[in-house]
Amino acid sequence: MAAEAAVPALPNGGAGAPSGTVPVLFCFSVFARPSSVPHGAGYELLIQKFLSLYGDQLDMHRKFVVQLFAEEWGQYVDLPKGFAVSERCKVRLVPLQIQLTTLGNLTPSSTVFFCCDMQERFRPAIKYFGDIISVGQRLLQGARILGIPVIVTEQYPKGLGSTVQEIDLTGVKLVLPKTKFSMVLPEVEAALAEIPGVRSVVLFGVETHVCIQQTALELVGRGIEVHIVADATSSRSMMDRMFALERLARTGIIVTTSEAVLLQLVADKDHPKFKEVQNLIKASAPESGLLSKV
């Protein structure tokens, strides 16, 4: 099969498909689900469709290969480089036996910051809330310096208040109210889809065992690597916080610190923004009671 394989399209994408789309049978394990993709869809769109159909069943720390059923051979073949869907076809997702180690590399161009529910009404209830506010503000300053998009949510702000005044939301991409515990709202998914090449989310806020945990698990299920900033994340109960971070770390989610994140993002003393980031971390993050509870 040619490297740039594409087959002449059926009229209107084939019987039963909306105009401009092509019917595709998506197969994974013992499952097969008919759906459709836009005419000309390539590898990335096929992967997104597989995630939407089977995301809750995929172990995103495995490596996968997409294969196309080739009538010529009567069996599946690896998806050719540059493949574009142009007629009805059947594809499958095949997990390789080798498991991938989560490396945790961060680059500004592929990273988004998520600030979760740092609201006024939580101030008296969340342990070491003042400390995580100061670290969260440092992270948002770093995001502005490095041009990293920031998404902020507020849990039921009508009853729980807005984001605390100490957190400067200047220039953030989105500030959204929510009732769902996870930050993965339709508006957030749409915003992520608009940012090309997003691979990593740096996540911080409250509460660790509820909104942070549920957000992290949903993002990983969508193939996004998650970094939870331990010194900017807390709960009402240190036991809840501790066991949530342990559970998340076991799933391959990276538990890290604000200084590690910021220095990983600049990566080099010669980075043009290094001095500005260095100024943010000259004073170490507070060594609060969070330290012994990670």
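The values are calculated or read from the model by the stated rules, or taken from the named source; none is laboratory data. Computed from a prediction, not measured in an experiment: that's the story for all the values here. Positions of Cβ are generated from backbone atoms using ideal geometry, with glycine treated the same way; all protein chains shown enter the neighbour counts. Areas reflect the complete protein model, heavy atoms only, side chains present, ligands, DNA and RNA absent. Shrake-Rupley method; radii C 1.70, N 1.55, O 1.52, S 1.80 Å.
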On the protein heavy atoms, probe 1.4 angstrom, tell me the percent of accessible surface of region 111-281 carried by carbon and sulfur.
-> 55 percent
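Rounded, prolate or oblate, given the Cα gyration tensor of region 138-191, with a/c below 1.5 counting as rounded? Provide the component values of the computation, followed by the final result.
Numbers: a/c = 2.78, a/b = 1.32, b/c = 2.11.
Cα axes put region 138-191 in the oblate bin.
Per residue, how much accessible area does region 21-95 show when a 1.4 Å probe rolls over the protein heavy atoms, in square angstrom? It would help to have the intermediate numbers written out before the result.
Numbers: 3990 Å² over 75 residues.
Accessible area per residue, region 21-95: 53 Å².
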Region 111-281 - percent relative contact order, Cα under 8 Å, separation 6 or more | 26 percent
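Which order do Thr208, Thr179 take by accessible area at a 1.4 Å probe, largest first? Don't skip to the end; give the middle numbers.
Values: Thr208 0, Thr179 110 Å².
Most to least solvent-accessible, the answer reads Thr179, Thr208.
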Taking a probe of 1.4 Å and leaving out DNA, RNA and ligands, region 144-228 shows per residue an accessible area in Å² of 41 Å²
Got a sec? What order do His209, His39, His227 fall in by accessible area at 1.4 Å, biggest, i.e. largest, first?
-> His39, His209, His227
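Grab the DSSP H runs of the chain that are 4 residues or longer, score each as -39,500 (n - 2.57), total them, divide by all residues and round the 222 nm result to the nearest 500 deg cm²/dmol. Don't skip to the end; give the middle numbers.
Details: 8 runs with 81 residues, N = 294.
Computed mean residue ellipticity for the chain: -8000 deg cm²/dmol.
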To the nearest 10 square angstrom, how much accessible area does Phe28 have with a 1.4 angstrom probe?
-> 20 Å²
Restricting to lysines and to Cα separations under 16 Å from Lys180, and discarding same-chain partners fewer than 8 apart, the set is Lys158
Picking from Gly252, Val206, Leu192, whose Cα lies most toward the positive end of the charge dipole for region 111-281 (charges on Cβ: Lys, Arg +1; Asp, Glu -1)?
-> Val206
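Counting only protein heavy atoms and a 1.4 Å probe, tell me what percentage of region 32-90's accessible area is made up of carbon and sulfur. Intermediate values should be presented prior to the final figure.
On the way: 1680 of 3350 Å².
In region 32-90, the share of accessible area belonging to carbon and sulfur is 50 percent.
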Enumerate the helices in the chain for which the Kyte-Doolittle hydropathy averages 1.0 or more and the C-alpha atoms extend at least 15 Å along the helix's axis, using complete DSSP H runs.
-> none
When only C-alpha pairs under 8 Å and at least 6 residues apart count, what is the relative contact order of the chain, in percent?
-> 17 percent
Gyration tensor (alpha-carbon) shape descriptor, the chain, a/c threshold 1.5 = prolate
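For region 218-294, what does the alpha-carbon gyration tensor say about shape, rounded, prolate or oblate, given a ≥ b ≥ c as the root eigenvalues, a/c under 1.5 as rounded, and a/b over b/c as prolate? Working shown, then result.
On the way: a/c = 3.32, a/b = 1.41, b/c = 2.35.
Verdict is oblate for region 218-294.
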State the antiparallel share, in %, of DSSP beta bridges confined to the chain, rounding to the nearest 5.
-> 40 percent
Under 13 Å from the Cβ of Asn105, count the other residues' Cβ atoms, weight Lys and Arg +1, Asp and Glu -1, and hand me the total.
-> 0
